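Data block below; observations after.
Every read-out reported here was derived from the displayed coordinates using simple, explicitly stated rules and does not represent laboratory data. Because the structure is a prediction, the values reported are computed rather than measured. Every residue, glycine among them, receives a Cβ derived from its backbone with ideal geometry; neighbour counts consider all protein chains shown.
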Amino acid sequence: MGLPKRRCPNCGDTEQHFRHLRGAERAFALAQTLVPVHRAELDKYRRCTREGCVRVQSYFNWRSGFDLPDEFRTPPQTAA
Ligand SMILES: [Zn+2]
């Protein structure tokens, strides 16, 4: 079973795979105030897996979301 695909406004409104939040991402989601996230609802929030994208949004409502800060951005892979 693959990851669910959802519309990502940060990726030009294309369909992207979203995964569950990990430790530091969960902590940030609870601490930020742009989109209030209750601890009980944390599992509804998913992160876009496209490289370089820091979008986190509700699995059920793509409009309900926010960006993680730059330190969560995956560094671009450099070809050897
Ligand atoms: Zn994205």
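Quick notes
- 222 nm mean residue ellipticity, helices alone, for the chain (DSSP H n ≥ 4; -39,500 (n - 2.57); rounded to 500): -3000 deg cm²/dmol
- Student exercise, the chain dipole from Lys, Arg, Asp, Glu Cβ charges, in Debye to nearest 20: 260
- Entry note, the chain: relative contact order of 25 percent, from Cα contacts under 8 Å with a spacing of 6+ residues.
- Computed log₁₀ I(q)/I(0) - Debye formula, equal Cα scatterers, no solvent, the chain, q 0.14, 0.20, 0.21 Å⁻¹: -0.43, -0.85, -0.93
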